[in-house]
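In what follows, a single structure is set out as structure tokens and then discussed.
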Amino acid sequence: MLMEKFKDKNIILLDVLIRDVNLPKKIKDGIEAKESQKQKNELAEKINAEKEFLAKAAITEAEGIKQSNILVAQGEAEAIKLKQQQLRQSPQYIEYIKWQGYASSGKSPYGDNNVFGGNTSVIKGLK
């Protein structure tokens, strides 16, 4: 439009620089509201991304703790098995098992009606 007006006067208009624009209040408020909402949306996205990252980090940490507990439990179970194997091979354990058998059957390897202990005299076959 300006170019047409200047053609008749032999003026060539290449570009126009606008330094200040006075927008109507409704348009100005609309633009400001749109920019404000855009910033709020970006902030909400950043917060959601941070929450998601923290949740994933917590899950990863929990999985690590779980694996650690599993390894500790497996180690403890293996230690118990080794101790049991060593006990089964010791003469004292074998003797202990033998005496448990005597106790459960109610019979002594030394016969029936025997009395043992300090300052005790034994009289067999007394009825």
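The values are calculated or read from the model by the stated rules, or taken from the named source; none is laboratory data. The structure presented is a predicted model; accordingly, all values stated were derived computationally and were not measured. Here the Cβ is made from the backbone with ideal geometry for all residues, glycine too, and neighbour counts use every protein chain on show.
From the list Phe53, Phe6, which one is modelled with pLDDT of 85 or more, assigned to a helix (DSSP H, G or I) and not aliphatic (A, V, I, L, M)? Explain how you work it out, then say what you get.
Numbers: Phe6 fails: modelled with pLDDT of 85 or more.
Sole residue among the options that is modelled with pLDDT of 85 or more, assigned to a helix (DSSP H, G or I) and not aliphatic (A, V, I, L, M): Phe53.
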With the condition kept exactly as written, say whether any residue in segment 81-100 is at pLDDT below 95, surrounded by 10 or more Cβ atoms within 10 Å (Cβ to Cβ), basic (Lys, Arg) and part of a loop (DSSP other than H, G, I, E, B). no
